[in-house]
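Heads up, the thing below is written out as structure tokens.
What follows draws every value from the coordinates through simple rules; no lab data is involved. Note that this is a predicted model, so its numbers are computed, not measured. Positions of Cβ are backbone-derived with ideal geometry, glycine not excepted, and every protein chain shown enters the neighbour counts.
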């Protein structure tokens, strides 16, 4: 499929979604993100993912890149709102798309893609700082957590359940009883799951610096 | 300083099995090895983000919505593109006929491939006596002991009455494979593979693919292997390799 086909698809997406979406105010959207409200999240996806896709594609990214950036952006909004109340002097769309641009820049930069340098980073940071002076700090603080979480949800459901139970300090004995397996098996599986997670996170980071101290 | 490699010490750290002197040794080594230091920091920091249930739930819900909308968009896209599809379909048909002809003349030897890829599953429970499930009088525990001693016939009998226990179902299925009953094996493996909350679903999907392979159902084998390949499971590499051979 050529580029033309891809653009046609994107336009059709936007038209359909704009007809069927319900309108939410910025406050409702922010509340919906915090409460994990399905209707609000569907609205966000249908309204803003196509726009993210257009931006990412027009800057050399793929549909998969677009979704990664979109998900990260919404999660960062959650982390930002949890930190302190957010009052926007622009539409939610402007805010989200500014975040998308910053994140996509970082994604391209870490993947050493040539056209990352074509994006004007200074302009992007100025834009976001005007809207939300706390954003970059929140992004910086959560960068590593977000990478870990992203890989965690890609693990099998079994691994996710096991690691969560363990981290929540449920004893190996209790986990073994719950799952109908032996303690030895739980220990081995927990170790394997954690190794898998660390391996994926390390591979994702590559030569990038993990920690901001 | 002990003789263990950095990797061994790191693995011991992750498993929580290092003694005091090993921990001290690891601390010394990390000071001169930035890569080890980075890995250790990550290993220590990996738990906290997983306690942020709110962010994780948000990610999961967005992923669900994306998956749902993606399939909808895919259908719509194929509808729009249908007018271009007729010439393409005709060309594809000609190619397909050629491919089918080629494969019908050089069939996949599923028995050989099965033999190359099938490995017996070790019974995790039996590796140390202390790890044996608590109540050895249960059918499950006795079934696993039979499995461990390769008495698959008795293992299958004892494990077959426990529909809700995914571990029992999994080992029952492997016993059935060992006994050559691949139909029953695949029935049980399908259930385990479909249940996302158990610890055996990665393994079950792989062995399900192998069962289909042994039964000569190449189409179903491919479907399961593609599922494994796209899910980034432990069997990812093997699945891709086998897919290529098919």
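Which whole number gives the average count of other chain Cβ atoms within 10 Å of the Cβ atoms across peptide A:156-168?
Averaged over the peptide's residues, the number is 5.
What do you get for Rg/Rh over the stretch A:154-205 if you use C-alpha atoms and the Kirkwood form of Rh?
Working: Rg = 11.4 Å, Rh = 11.3 Å.
Computed over Cα atoms, the ratio is 1.01.
Along Cα→Cβ, 7 Å out, is where each label goes; now give me the distance between the ones at residue A:26 and residue B:111 in nm to one decimal.
Distance between label points: 7.2 nm.
Just grab the label-to-label distance for residue A:137 and residue A:157, each label 7 Å out from Cα along the Cβ direction, in nm (one decimal).
4.1 nm
So how much slack lies between residue A:64 and residue A:177, counting 0.36 nm per residue of separation and subtracting their Cα-Cα distance, in nm?
36.7 nm
Going highest first, how would you order A:24-36, A:40-52 by mean Cβ packing within 10 Å? Mind dumping the intermediate values first?
On the way: A:24-36: 16.5, A:40-52: 21.8.
Taking the mean over residues of other Cβ atoms within 10 Å, the ranking is A:40-52, A:24-36.
Let me know the Kirkwood hydrodynamic radius for the stretch B:21-71, please, with Cα pairs as the basis and the value in Å to one decimal.
After inverting the mean inverse Cα-Cα distance, the result is 13.8 Å.
What ranking of A:76, A:99, B:23, A:131 emerges when the number of other C-beta atoms within 10 Å of each C-beta is taken as an exposure proxy, fewest first?
Details: A:76 21, A:99 26, B:23 12, A:131 17.
So the ranking, lowest neighbour count to highest, is B:23, A:131, A:76, A:99.
Once you order the gyration tensor axes a ≥ b ≥ c over the Cα atoms, which shape class does the stretch B:115-245 get: rounded for a/c under 1.5, otherwise prolate or oblate by comparing a/b with b/c?
Prolate, because a/c is 1.5 or more and a/b exceeds b/c.
With r as the distance between the Cβ atoms of residue A:88 and residue B:21 and R0 = 45 Å, compute the FRET efficiency 1/(1 + (r/R0)^6) and round to 0.05.
0.20
Between residue A:129 and residue B:11, what is the label-to-label distance in nm when each label sits 7 Å out along the Cα-to-Cβ direction?
Rounded to a tenth, the inter-label distance reads 4.8 nm.
What shape does the stretch B:6-50 have by the C-alpha gyration tensor, where a ≥ b ≥ c are the square roots of the eigenvalues, rounded means a/c under 1.5, and otherwise prolate means a/b greater than b/c and oblate the rest?
oblate
What does the average come to when, for each residue of peptide A:140-153, you count the partner chain Cβ atoms lying within 10 Å of its Cβ?
4
Taking each residue of B:34-42 in turn, how many C-beta atoms of other protein chains fall within 10 Å of its C-beta, and what is the average?
3
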